[in-house]
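Dropping the structure in here first, questions after.
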Amino acid sequence: AQKITQTQPGMFVQEKEAVTLDCTYDTSDQSYGLFWYKQPSSGEMIFLIYQGSYDEQNATEGRYSLNFQKARKSANLVISASQLGDSAMYFCAVYNFNKFYFGSGTKLNVKP
Amino acid sequence: GAGVSQSPSNKVTEKGKDVELRCDPISGHTALYWYRQSLGQGLEFLIYFQGNSAPDKSGLPSDRFSAERTGGSVSTLTIQRTQQEDSAVYLCASSFTGVSPLHFGNGTRLTVT
């Protein structure tokens with residue numbers, strides 16, 4: 001099975017500042033997809049951003065960007081200008097061999 | 001369009017009873033996944049369907065767990081002789097084939113007393 005590592009179980013960030021959530025993975029395949037999901041306290045899983053393993057440009061979606069370093073097998077999520085509504089669990093996921101593998105998540109708290 | 005629908009949203013059952021959890025994916029999505037999430041934890045993969053077939057059942061915790069999908073659409077996850085350790089939120093997700101985002105339902109919160 002693929003191993004997805006999110007080393008930060010919890011993080012705090014001041015409102016309006018940027019924050020980086022770490023994710024590393026260990027797939028041996030060359031073709032895979034990287035995803036980030038947000039899970040607020042309500043429990044729903046919300047898709048944020050996607051990066052293909054062959055994409056040369058880092059993906060961006062509004063305030064979200066993905067810092068993709070293929071050689072390091074790293075796919076960190078950067079949230080710019082944090083908002084109180086960004087407080088949630090964040091999960092990194094890798095799509096590989098027809099399956100999605102999820103990390104253990106990082107709980108982000110945005111302080112006013 | 002409608003999203004992924006799961007029912008019931010909450011289920012309380014007595015230890016030893018059987019339960020059925022239902023997932024209605026987004027129309028046209030051929031891939032369907034079941035995950036389990038315990039309180040404050042990550043997502044535990046249970047089973048994956050491509051159409052009606054389940055190429056990967058490796059995550060089912062025991063033979064008390066089974067799942068089927070009919071008509072390439074609705075899926076049912078069945079847990080027989082429930083145990084207290086089965087208490088969790090069961091999440092269903094669907095996607096188009098290949099590398100496309102998973103769309104999740106709101107989950108079924110199962111409590112075994």
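³J(HN,Hα) across the range A:106-112 via Karplus (A = 6.51, B = -1.76, C = 1.60, θ = phi - 60°), whole Hz, x for Gly/Pro?
Running phi through 6.51 cos²θ - 1.76 cosθ + 1.60 with θ = phi - 60° gives 10, 8, 9, 10, 9, 9, x Hz.
Within a 10 angstrom radius of each residue's Cβ in B:98-106, how many Cβ atoms of other chains show up on average? Whole number is fine.
On the way: counts 3, 12, 5, 10, 8, 3, 7, 2, 4.
Averaged over the peptide's residues, the number is 6.
Of all DSSP beta bridges in the protein assembly as shown, what percent run antiparallel (nearest 5)?
90
Okay, moving on. Pick from B:Val89, B:Val99, B:Val12: which is most flexible by mean-square fluctuation in a GNM of chain B where alpha carbon atoms under 10 Å apart are linked?
B:Val99
A further question on this structure: When a footprinting reagent is the concern and you count Cβ atoms within 10 Å, what order do A:Lys73, A:Lys16, A:Lys107 take, fewest first? Intermediate values should be presented prior to the final figure.
Working: A:Lys73 18, A:Lys16 11, A:Lys107 15.
Listed from fewest to most nearby Cβ atoms, that is A:Lys16, A:Lys107, A:Lys73.
Averaged over its residues, how many other protein chain Cβ atoms are within 10 Å of peptide B:29-35's Cβ atoms?
1
Can you return the aspartates and glutamates within cross-link range of B:Lys15? Criterion is Cα-Cα under 20 Å, with same-chain partners fewer than 8 residues away left out.
B:Asp63, B:Glu85, B:Asp86
Can you return the lysines within cross-link range of A:Lys3? Criterion is Cα-Cα under 21 Å, with same-chain partners fewer than 8 residues away left out.
By straight Cα distance, A:Lys3 reaches A:Lys38, A:Lys70, A:Lys73, A:Lys99, A:Lys107, B:Lys57.
Counting other beta carbons within 10 Å of each residue's own, what order do A:Val13, A:Val94, B:Val4 fall into, fewest first?
A:Val13, B:Val4, A:Val94
Now, a different point. Treating only the Cβ atoms of Lys and Arg (+1) and Asp and Glu (-1) as charged, compute the dipole magnitude of chain A about its Cα centre; round to the nearest 20 debye.
Using Cβ point charges on Lys, Arg, Asp and Glu, chain A gives about 200 debye.
How many nm is it between the label spots at B:Thr113 and A:Gln30, if each spot is 7 Å from the Cα in line with the beta carbon?
Going by the 7 Å Cα→Cβ label model, 5.8 nm.
Turning to a different aspect of this structure: Quick check on the exposure proxy: order A:Ile4, B:Ile26 from fewest to most C-beta atoms within 10 angstrom.
B:Ile26, A:Ile4
Express in whole angstrom the spacing between the alpha-carbon centres of the range B:19-57 and the range A:46-104.
Here the answer is 22 Å between Cα centres.
In debye, nearest 20: dipole of the protein assembly as shown around its Cα centre with unit charges on the Cβ of K, R (+) and D, E (-)?
The calculated dipole for the protein assembly as shown is roughly 260 debye.
Computed from the coordinates by the stated procedures, all read-outs in this text should not be read as laboratory data. These numbers were taken from a predicted model, which means no experiment stands behind them. When we count neighbours, we look across all protein chains shown, and the Cβ atoms used for this are built from the backbone with ideal geometry, even at glycine.
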